[in-house]
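Comments concern the structure below.
Bear in mind these aren't lab numbers, they're just calculated from the coordinates by the rules spelled out. On a predicted model such as this, the values are computed, not experimentally measured, just so you know. No Cβ is skipped: glycine too gets one built from the backbone with ideal geometry, and neighbour counts run over all protein chains shown.
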Amino acid sequence: MEDGLRLGDRVFRSRLLLGTGKFSSVETMLAAVRASGAELVTVALRRFNRERADDDIFGPLAAIDGITLMPNTSGAMNAREAVRAALLGREITGSPFVKLEIHPNPHHLMPDPIETYEAAVRLVKEGFFVLPYISADPVLARRLEDAGCAAVMPLGSAIGSGQGLATLSMLQVIIRDAGVPAIVDAGLRSPSEAAAVMEMGGDAVLVNSAIAAAENPELMAEAFAIAVQAGRQAHRAGLMPRSETAAATSPLTAFLAAEGS
Amino acid sequence: MNLVVNGEPYPHSGQGTVAELLEEFRAAPAMTALMINGEVVRRSHWDSVRLAEGDEVEMIVAAAGG
């Protein structure tokens with residue numbers, strides 16, 4: 001496949017990964033998933049509830065063609081719980097992908113690097129394609145790559161904050177140095193930020209709140225899809241060099257100033 | 001036998017098989033994952049499981065999340 005996103009043993013056409021949280025209804029979420037063209041879609045886990053037995057999102061999501069589910073480990077406070085969540089997620093979805101996230105502090109939701117690393121090592125051994133959600137830390141990104149993770153997912157800013165690319169300079173370092181796909185996850189608010197990530201060579205973005213909390217999630221999903229595609233294409237095309245001075249694009253002829261008779 | 005299912009006491013009247021328990025809860029086996037006493041039990045091992053008095057069972061399903 002031309003210019004595919006390789007993760008584990010799979011190649012994806014779409015470079016927009018979508019989260020399914022915070023949508024106002026399952027129908028809205030499904031419409032956004034379709035409009036986004038995303039092929040890798042995250043889900044969380046919860047206890048089965050007898051009163052809400054029909055409220056299962058796995059069935060309708062699994063019914064959408066071309067979608068691979070990626071369970072997350074949200075709620076895990078440490079490596080042990082994250083491994084457990086990953087095993088449960090694989091049981092339900094049959095997917096080898098896991099979004100590894102361990103963020104014990106509910107106020108800032110910053111990922112715990114030590115527990116995340118420990119869980120990543122164990123999950124790689126268990127045969128998962130591990131996509132760890134991390135702070136924009138190039139050292140940790142390299143350690144996780146060396147541990148066998150399928151990608152690294154540094155945050156743009158705090159989960160759900162819409163603060164955009166607050167970590168821009170470190171993202172640039174990670175994108176430049178990573179030997180596995182670098183996927184910017186969390187904090188994005190606008191499609192232009194997604195395009196910026198792709199222009200600077202990011203391999204993909206994972207978006208949830210920016211789409212789920214938009215006035216029209218389906219339309220915003222499509223907007224992100226277009227932005228990701230545009231940014232990727234611009235990266236492949238190669239941006240022109242920046243210049244400190246102007247450089248005319250039209251001939252600067254003198255005839256307009258010629259003296260009249 | 002008395003089990004604890006998803007954190008709540010639950011009196012189970014059958015033989016303690018996973019299939020019975022899921023049926024009692026009307027949980028779809030293909031969409032459910034199980035943890036017994038803190039251990040994830042893979043679907044392929046469900047048939048060999050016999051629940052015992054006091055066992056703690058977690059029935060987990062997929063949910064919306066980012």
Worksheet item: By the scheme Lys and Arg +1, Asp and Glu -1, what is the net charge of all other residues having a beta-carbon under 13 Å from that of residue A:105?
Response: -3
Worksheet, complete the sentence: Phi-derived 3J(HN,Hα) across the range A:114-122 with the Karplus relation (6.51, -1.76, 1.60, θ = phi - 60°), rounded Hz, x for Gly and Pro, is 6, 5, 4, 4, 4, 5, 4, 4, 5
Worksheet item: In whole angstrom, how long is each semi-axis of the equivalent ellipsoid of chain A, when you take the square root of 5 times every eigenvalue of its Cα gyration tensor and sort them from largest down?
Response: 38, 22, 16
Worksheet entry | residue A:24 versus residue B:15: modelled label distance in nm, points set 7 Å from Cα along the beta carbon direction | 5.1 nm
Worksheet item: Arranged by the count of other C-beta atoms within 10 angstrom, fewest first, what order do A:102, A:226, A:211 take?
Response: A:226, A:102, A:211
Item to complete: Kindly put A:103, A:235 in sequence by how many other C-beta atoms sit within 10 Å of each C-beta, fewest to most.
Response: A:235, A:103
Item to complete: Could you pull out which residues in the range B:1-39 have an amide N less than 15 Å from a spot 7 Å beyond the Cα of residue B:46, following the Cα-Cβ vector?
Response: B:16-36
Worksheet item: Where the centre of each part is set by its Cα atoms, how far does the range A:23-85 sit from the range A:205-261, in angstrom?
Response: 34 Å
Worksheet item: What is the mean number of Cβ atoms from other protein chains located within 10 Å of the Cβ atom of each residue in peptide B:31-43, rounded to a whole number?
Response: 4
Worksheet item: Which three extents, in whole angstrom, do the alpha-carbon atoms of the range B:2-60 cover along their principal axes, largest first?
Response: 24, 22, 19
Fill in: Sorted by Cβ density within 10 Å, fewest first, the residues A:125, A:99
A:125, A:99
Response to the item:
Going residue by residue through the range A:245-258, the Karplus relation 6.51 cos²θ - 1.76 cosθ + 1.60 with θ = phi - 60° gives ³J(HN,Hα) values, rounded to whole Hz and with x marking Gly or Pro, of 10, 6, 9, 4, 9, 10, x, 8, 7, 9, 5, 5, 8, 4
Worksheet, complete the sentence: Neighbours of residue A:218 by Cβ distance under 11 Å: Lys/Arg at +1, Asp/Glu at -1, summed charge -2
Fill in: Gain upon complete extension [residue A:51, residue A:77; 0.36 nm per residue less C-alpha separation]
6.6 nm
Worksheet entry | Amide proton proximity set for residue A:42, modelled H, under 5 Å, gap of 5+ | A:18, A:19, A:20, A:70
Practice prompt. Quote the relative contact order of chain B in percent (integer), defining contacts as alpha-carbon pairs under 8 Å separated by 6+ residues.
Written response: 44 percent
Worksheet, complete the sentence: Percent antiparallel among DSSP beta bridges confined to chain A, rounded to 5, stands at 10 percent
Worksheet entry | the range A:169-250: trypsin sites (Lys or Arg not before Pro) in DSSP loop, at most 14 other beta carbons within 10 Å | A:242
Worksheet item: Quick one: net charge of residue B:7's neighbours, Cβ under 14 Å, K/R +1, D/E -1?
Response: -1
Worksheet entry | Loop-located GluC sites (Glu not before Pro) in chain B, at most 14 other Cβ atoms within 10 Å (DSSP) | B:53
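Check each of the GluC sites (Glu not before Pro) in the range A:165-261 and keep only those in coil by DSSP with at most 10 other C-beta atoms within 10 angstrom; list them in order.
Those that pass, being in a loop and sparsely packed, are A:215, A:244, A:259.
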Response to the item:
So, with points 7 Å from each Cα along the Cβ direction, the residue A:192-residue A:236 label distance in nm works out to 2.5 nm
